[in-house]
Amino acid sequence: MSEKKPWAPSPLRLARRHLVDRENMQAVYDAKAPAYKAAKRAFDVVASAVGLVALSPVMAATAVAIIAEDGRPVIYAAPREGQNGRPFRMYKFRSMYRDAESKLKELLEQNEQTGPAFKIENDPRITKVGAFIRKTSIDELPQLVNILKGEMSVVGPRAIQRTQDYTPHEAQRLVAKPGLTCYWQVMGRASIDWEDWVELDLDYIQDMGMMTDLRLICKTFGAVLKAEGAH
């Protein structure tokens, strides 16, 4: 197992944390301008629709590669918690062998992530195609459908496979819709411990705005190209 790279919170986050009540993020979210929320949804619809059309050749090639290695299904509908804890099915290209779910309990003791999130490097359940599409984030492209349906946003806290209950503080990350990208995605991904991950999600809820969203989208392209912390 490779050594985990150290991660430090950004000076911006540390400087701004005291500006809001970190135990009442619902009020922080509710105070966001209705015009911003409407613009965010409009952007989500347009961006996801354009993305689905523009990236359809990549998605078709991915589907063929998955079938060639491990058969169907191509899409994995992962159970996740959406805004305010509402359950939904998050679509991903299947990157694991078909019996992956049945082997999860066997791997829980190897979890390298703190808290309720589950991450291990060199997960034996991942296929060869899966390793590539995870590293390049191609596996997440079907989430554009979730965005178009209104279950997700382009930018928002990451939806996770939860292995234990949230604390009340951690549950506040569900105040906003989960996103395709977020602070976690551009600042180290799997190298970030759960406690800092939660604070980054709450930072996003505090910072939410069109300029914040556009900056995160731009940074995501660089993070995906570097593939740092991706597994």
Review point. Within region 92-111, is even one residue modelled with pLDDT of 95 or more and assigned to a loop (DSSP other than H, G, I, E, B)?
Key: yes
Review point. More than 25 Å from Ala35 (Cβ to Cβ) and touching a helix residue (DSSP H, G or I) at 6+ places or on another chain (Cβ under 6 Å): does that describe Trp194?
Key: no
Exercise for review: Report whether or not Arg189 is in contact with a strand residue (DSSP E or B) (Cβ under 7 Å, 6 or more places away or on another chain) and within 26 Å of Arg98 (Cβ to Cβ).
Suggested key: no
**Study point:** Subset tally (residues that are assigned to a loop (DSSP other than H, G, I, E, B) and modelled with pLDDT under 90) for region 184-231
**Key:** 9
Exercise for review: Could you list, in sequence order, all residues of region 26-58 that are under 17 Å from Ala176 (Cβ atoms), without any contact (Cβ under 8 Å) to a residue 12 or more places away in the chain and part of a helix (DSSP H, G or I)?
Suggested key: Ala27, Asp30, Pro34, Ala35, Lys37, Ala38, Ala42
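Residues checked against (1) more than 30 Å from Arg173 (Cα to Cα); (2) modelled with pLDDT under 95; (3) in contact with a helix residue (DSSP H, G or I) (Cβ under 9 Å, 6 or more places away or on another chain):
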site	(1), (2), (3)
Ala68	yes, no, yes
Arg72	yes, yes, yes
Gly82	no, no, yes
Arg89	no, no, yes
Check your understanding: Looking only at region 142-157, which residues are surrounded by fewer than 21 Cβ atoms within 10 Å (Cβ to Cβ) and assigned to a loop (DSSP other than H, G, I, E, B)?
Key -> Gly150
Exercise for review: Mind listing whichever residues of region 64-74 are out of contact with any Gly (no Cβ under 9 Å at 6 or more places or on another chain) and either surrounded by 16 or more Cβ atoms within 10 Å (Cβ to Cβ) or of a type in the set (D, E, K, R) (or both)?
Suggested key: Ala65, Arg72, Val74
Practice item. Please find, within region 119-133, the residue that is surrounded by the fewest Cβ atoms within 10 Å (Cβ to Cβ) out of those that are within 22 Å of Gln164 (Cα to Cα) and charged (D, E, K, R). Key: Glu121
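The values are calculated or read from the model by the stated rules, or taken from the named source; none is laboratory data. Source: prediction; values computed, not measured. Glycine gets a Cβ as well: all are built from the backbone with ideal geometry, and neighbour counts include every protein chain shown.
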